[in-house]
Amino acid sequence: MQEIERKFLVKSDRFKTEAQTKYRIVQGFLNTHAERTVRVRIKGDEAFLTIKGKSNDAGTIRMEWEKKIAVKDAEALLAICEEGQIDKIRYEIGLGNHTFEVDEFFGNNKGLIVAEVELAAENEAFEKPNWLGEEVTGDVKYYNSQLSKKPFCDWN
């Protein structure tokens with residue numbers, strides 16, 4: 001129930017040739033409160049309801065609870081979500097003992113590409129691919145819940 005991850009910008013599209021899988025994700029938020037978010041996600045042909053707690057000060061650790069739900073239920077919930085759906089293609093790239101999830105955003109977030117890696121411990125070492133750029137762990141503007149409110153196209 002605890003998620004430990006680090007987040008990075010991606011500096012080239014070379015990750016696409018290294019991806020083992022890719023799929024589309026559409027998601028919306030039923031709640032984007034600073035203390036918790038409630039997300040509805042359709043990922044490929046599956047759907048999930050996820051609750052995430054507030055991150056620690058470093059932005060690396062937070063509580064996450066996720067439950068698989070029927071796609072038709074997710075579609076109904078997406079219809080009542082807060083404004084600002086997220087549309088992205090996720091690429092999964094295995095490197096060493098870790099999997100990088102690289103999200104290429106579309107719609108109002110087009111042009112933004114972010115990579116995340118989940119870790120077993122906050123200070124766990126991991127191999128960094130050459131396409132990995134600046135670390136943005138803990139920068140809330142890169143949280144999907146915030147991208148739904150203030151999309152990349154509105155940044156200056």
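Just to check your reading of the model, which residue among Leu30, Leu9, Leu49 is surrounded by 17 or more Cβ atoms within 10 Å (Cβ to Cβ) and under 17 Å from the mean Cα position of the chain (by Cα)?
Just a single option satisfies the conditions, and that option is Leu49.
From the residues in the stretch 114-137 that are among the hydrophobic types (A, V, I, L, M, F, W, C) and touching a helix residue (DSSP H, G or I) at 6+ places or on another chain (Cβ under 8 Å), which one is surrounded by the fewest Cβ atoms within 10 Å (Cβ to Cβ)?
Taking the candidates together, the pick is Val136.
Could you check Ala79 against (1) small (Gly, Ala, Ser); (2) surrounded by 12 or more Cβ atoms within 10 Å (Cβ to Cβ); (3) at pLDDT 95 or above and say which number it fails?
(2)
Examine the stretch 96-103 for a residue that is crowded, with 16+ Cβ neighbours inside 10 Å, touching a residue at least 40 places away in the same chain (Cβ under 8 Å) and over 12 Å from the mean Cα position of the chain (by Cα), and state whether such a residue exists.
The answer is no, given that none of the residues of the stretch 96-103 is crowded, with 16+ Cβ neighbours inside 10 Å, touching a residue at least 40 places away in the same chain (Cβ under 8 Å) and over 12 Å from the mean Cα position of the chain (by Cα).
Mind checking whether some residue in the stretch 18-25 is modelled with pLDDT of 95 or more, more than 27 Å from Cys153 (Cα to Cα) and part of a helix (DSSP H, G or I)?
Yes, the conditions are met somewhere in the stretch 18-25.
Return the residue satisfying two criteria in turn: it lies in the stretch 12-27 and is among the β-branched types (Val, Ile, Thr) and within 24 Å of Asn130 (Cβ to Cβ), and of such residues it is surrounded by the most Cβ atoms within 10 Å (Cβ to Cβ).
For the stretch 12-27, the residue satisfying everything is Thr21.
Being assigned to a strand (DSSP E or B), of a type in the set (Asp, Glu) and under 17 Å from Leu30 (Cα atoms) is the filter here; which residues of the stretch 51-100 pass it?
Glu64, Glu66, Asp87
Just checking, which of Leu112, Leu78, Leu30 is within 20 Å of Glu3 (Cβ to Cβ) and touching a residue at least 40 places away in the same chain (Cβ under 8 Å)?
Leu30
Is there any pair with a first residue in the stretch 118-139 that is touching a residue at least 60 places away in the same chain (Cβ under 8 Å) and of a type in the set (S, T, N, Q) and a second that is surrounded by 15 or more Cβ atoms within 10 Å (Cβ to Cβ) and not in a loop (DSSP other than H, G, I, E, B) whose Cβ atoms are under 7 Å apart and which are 6 or more apart or on different chains, and what are they?
That search, which allows pairs on different chains as well, returns Thr137/Arg6; Thr137/Lys7.
The values are calculated or read from the model by the stated rules, or taken from the named source; none is laboratory data. Bear in mind that the values here come from a model prediction, so they are computed numbers and not experimental data. A quick note on method: Cβ atoms are made from the backbone with ideal geometry, for glycine too, and the neighbour counts reach across all protein chains shown.
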